[in-house]
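Derivation of every value follows stated rules applied to the coordinates shown; laboratory data play no part. Because the structure is a prediction, the values reported are computed rather than measured. For neighbour counting, all protein chains shown are included, and Cβ atoms are generated from backbone atoms with ideal geometry for every residue, glycine included.
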Ligand code: NAP
């Protein structure tokens, strides 16, 4: 099976920390030349310097841009092409998840989340199209979530809507871009241990861990592995699909079902 992405040019948005940084490391360790992007030069440079490519041939570069700014994203796509000779893989990962009760949510708060998470995905894909069209193909991997497409969580009406909207975008984009040899797929993480998740507090992390059949939060490497698969030649016939990576979190009907599974597993 061909999982090789050596020498491919990749762009990962939201790569200064968390899942995006883990994806950048995973792709670079697999030999891709990776441009890491965030809005802060200080943070993205530090993240790039922090990555050990483990002796792989993949090189790292950084870019500063707001994914919700079309001009920024066009300039970044050109930067990747001029530095690495093409743009083969994009991972639309940048996202925000502030928590706000629906009763007091303002239109500004709603728009901020939809603009970064959903419009940012659209603008990242659109910016990459000229390069992918020229080279006759490419890979788009969108970072959605279980929240929205599958589950709900208090305070995340805007976030859930933005993550479900990414999947609506994905299905049409997959059809529209297939003639260009571009595949479009999504990863739906469960609860992944990142700086952003830690900001939700200890209670949130403990409750979530207790609701995951595999008994632990996900790691950024769990997500990077799924991205690497979609980016690889092995996945060339897969498009328009959404892969849940959550340790089974969405499966049990109740918390008691989890307890029962544990009791059955250890019963003689
Ligand atoms: P995180 O730790 O908060 O990191 C978010 C990254 O996005 C940072 O690098 C941030 O950098 C960047 N970013 C935010 N807004 C941006 C913008 N407008 N333009 C460019 N970059 C921007 O988040 P995470 O937990 O790694 O989550 C990453 C993605 O996975 C998100 O799309 C999130 O919805 C999704 N996800 C996460 C989890 C989880 O459990 N962690 C679960 C499901 C889905 P700057 O602030 O420097 O711009």
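Here are the numbers for the structure shown:
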read-out: 153, 237 arranged by Cβ crowding within 10 Å, fewest neighbours leading; value: 237, 153
read-out: Radius of gyration, Dmax [the chain; alpha carbons; angstrom]; value: 18.5, 63
read-out: Least to most buried among 110, 62 (fewest other Cβ within 10 Å first); value: 110, 62
read-out: Gain in span if fully extended, residue 221 to residue 71, counting 0.36 nm per residue against the direct Cα distance; value: 50.9 nm
read-out: Cα-projected label distance for residue 105 with residue 195, points at 7 Å along beta-carbon direction, nm; value: 2.6 nm
read-out: Residues 67, 34 arranged by fewest to most Cβ contacts within 10 Å; value: 67, 34
read-out: For the chain, calculated [θ]222 nm from helices alone, where every DSSP H run of n ≥ 4 adds -39500 (n - 2.57); value: -14000 deg cm²/dmol
read-out: Nearest-ten-degree value, helix 120-135 long axis tilted from longest Cα axis of the chain; value: 40 degrees
read-out: Cα pair distances of region 1-160 binned at 10 Å [whole percent]; value: 11, 38, 32, 15, 3, 0
read-out: R0 of 45 Å, Cβ-Cβ distance residue 207-residue 236: FRET efficiency to nearest 0.05; value: 0.70
read-out: Degrees between helix 70-84 axis and first principal axis of the chain (Cα, 0 to 90, nearest 10); value: 70 degrees
read-out: Calculated diffusion of region 173-260, Stokes-Einstein form, Kirkwood radius summed over Cα pairs, 20 °C and 1.002 mPa s, µm²/s; value: 145 µm²/s
read-out: At R0 = 41 Å, FRET efficiency that the Cβ-Cβ distance of residue 265 and residue 6 yields, to 0.05; value: 0.50
read-out: Dimensions (Å) - region 88-182, Cα atoms, principal axes, largest first; value: 48, 24, 17
read-out: Cα centroid separation, region 193-231 to region 73-105 (Å); value: 20 Å
